[in-house]
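The structure appears right after this line, and notes come after that.
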Amino acid sequence: MDIVKEKNIKVSIKTFGCQMNEYDTELASGLLMKQGYQMTSDETEADVAILNTCSVREHAETRVFGRLSRLCFEKSKFGRNVVVGVMGCMSENYKGELFERYPQLDFIVGTRNVKDVPRIVKQVISDKKRVMLLEEEGLGIEFSEFTQRKHAYHAWVPIMTGCDKVCTFCIVPKTRGAEISKPSKDVIEEVTRLRDRGYKSITLLGQNVNSYGKEFADGVGFPQLLERLAQIDGIEMVSFTTSHPSDAIPELFEVIRDNPAITRRFHLPLQSGSDPILKKMKRHHNMDQYLEKVEQLRSTVPGVDITTDIIVGFPGETEEDYQATKEALQKIEFDGAYIYKYSARPGTPAAENFEDDVALSDKKRRNSELLDIQDWISQKKNQNRIGSTHKVLVERKNSRGEGEVVGRTWIDKKIVFPGTEAVGDICEVKIQKLVNDTFFGVKV
Ligand code: SF4
């Protein structure tokens, strides 16, 4: 008798962190449902509660530890009969240490073993033993045909895992391993399948998508793959994240210019505006080279929307280094920026080699000052968009406005306008006003 089907086992997966984790949760959910498990978003009713974890910053891990403590407390103090498991980056970052810290934790699954989650859950339930599976090999994102996608019109499409860059502040190379690209034939088949199922919008995922396919001899690098996907009939909107400045090449910018399906939103992490700090971060480029890339991108793709990541308070960051970052933000005028205070990640070269010597008060001051500057720039740029017309993909009906729909522009802006279009429909909308970060407009 199949233990799973017999017991109608409910499984919850709480997702922390990035889009890659969101996809891994969708894949694990689809594979679990294929085995007869029921997915639930209510962790309190789950027979199996899985946390899909993130290690990118201390704060992210603290949230997971809090949740894990509570789940394990419910088991030890109240005898709750629930299987508790961890997947995602903390599995790789802490490995068996999680078992020592949480005696009620039942399994640990690595970032390359998402496809093995159903097998591990079944093993824990039938053998009543703890299991840890952390494999270095393999892509870990096979079986995409079973992915239980959250949205009906948009799909995350990982094209690779891991990262071969070793930025000194970053935990990803440790938790996601070396770069492995998915063969272009498989990616194209996956996107064609999605198109056949009515998907109109896809986002290609990778820690550094620009180095896609370098292990293959078929000449299909990221620009070539992106072009082929953008030319699949029925796929209307193609986005991608994340790029590395030293691998973002003019050929890629030309492919974006020449293919209307590709969105004009380009995420290009800068991290710091100071050359000595960029060197210490091992970013493989200096500020002039970064400015040159921005200039090439803006001249090749008019109206492109550039966003970035910034870290303040990196070890050794002087007031002068910080001023260089502030000037870079004011000079480049990004459309958006994710700005974080440096937090030492155990297991990274920076944590092992550099003292975290910037005072927290300086980190906080620099962080909030840059956030204010970027807010002002983003507001100014958004205000300048009022009166302009944009192609929009409809995402849903507006829950707060009768007879209104909500859509996304090709520069990844949310817009609300009167209409009865269906999800996935595309129309031209003229922006009339801006309320916080949401545009309001009318069809033209
Ligand atoms: S390129 Fe990105 S993912 Fe890779 S090590 Fe650097 S910051 Fe981390």
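The values are calculated or read from the model by the stated rules, or taken from the named source; none is laboratory data. The structure presented is a predicted model; accordingly, all values stated were derived computationally and were not measured. So basically every Cβ, Gly included, is an ideal-geometry build from the backbone, and we count neighbours across all protein chains shown. With ligands, DNA and RNA removed, areas are computed over all heavy atoms of the protein, side chains included. Shrake-Rupley method; radii C 1.70, N 1.55, O 1.52, S 1.80 Å.
Cα extents for the stretch 389-443 along the principal axes, largest to smallest and rounded to whole angstrom: 21, 21, 16.
Please report the antiparallel percentage of DSSP beta bridges with both residues in the chain, rounded to the nearest 5. Walk me through the numbers before you get to the answer.
On the way: 23 of 64 bridges.
If I count the DSSP bridges inside the chain, around 35 percent turn out antiparallel.
With R₀ set to 45 Å, the beta-carbon distance separating Glu136 from Asn398 gives a calculated FRET efficiency near 0.45.
Phi angles across the stretch 277-282 convert, under the Karplus curve 6.51 cos²θ - 1.76 cosθ + 1.60 with θ = phi - 60°, into 3J(HN,Hα) values of 6, 4, 5, 5, 7, 6 Hz, Gly and Pro given as x. Peptides 90-96, 320-326 ranked from most to least packed, by the mean per-residue count of other Cβ atoms within 10 Å: 90-96, 320-326. Evaluated at q = 0.10, 0.11, 0.14, 0.17 Å⁻¹, a Debye calculation over the C-alpha positions of the stretch 154-384 (equal weights, vacuum) places log10 I(q)/I(0) at -0.50, -0.60, -0.94, -1.26. Most tightly packed first, judged by the mean number of other beta-carbon atoms within 10 Å of their residues, the peptides 171-177, 375-381 read 171-177, 375-381.
Taking amide hydrogens as placed 1.01 Å from N in the peptide plane, the amide H of Thr40 sits under 5 Å from those of Val11, Ser12, Ile13, each at least 5 positions away in sequence or on another chain.
Neighbours of Gln432 by Cβ distance under 12 Å: Lys/Arg scored +1, Asp/Glu scored -1, total +4. The modelled label-to-label distance for the pair Cys427/Gln38, using points 7 Å beyond Cα in the direction of Cβ, is 3.9 nm. Here Lys443 and Gln19 are evaluated by their C-beta separation; at R0 = 41 Å the FRET efficiency comes out at 0.85.
Among the cysteines of the chain, those whose beta-carbon sits 4.7 Å or more from every other cysteine beta-carbon are Cys18, Cys54, Cys72, Cys89, Cys163, Cys427. Residue separation of Ile373 and Glu100 scaled by 0.36 nm, minus their Cα-Cα distance, works out to 93.8 nm of gained length.
On a per residue basis, the stretch 95-230 carries 41 Å² of accessible surface, using protein heavy atoms and a 1.4 Å probe.
Between Arg197 and His151, the simple label model (points 7 Å from Cα in the Cβ direction) yields a spacing of 1.5 nm.
Considering all C-alpha pairs of the chain, those separated by over 27 Å amount to 58%.
Here the label points at Lys380 and Glu58, each 7 Å from Cα along the C-beta direction, are separated by 3.4 nm in the simple model.
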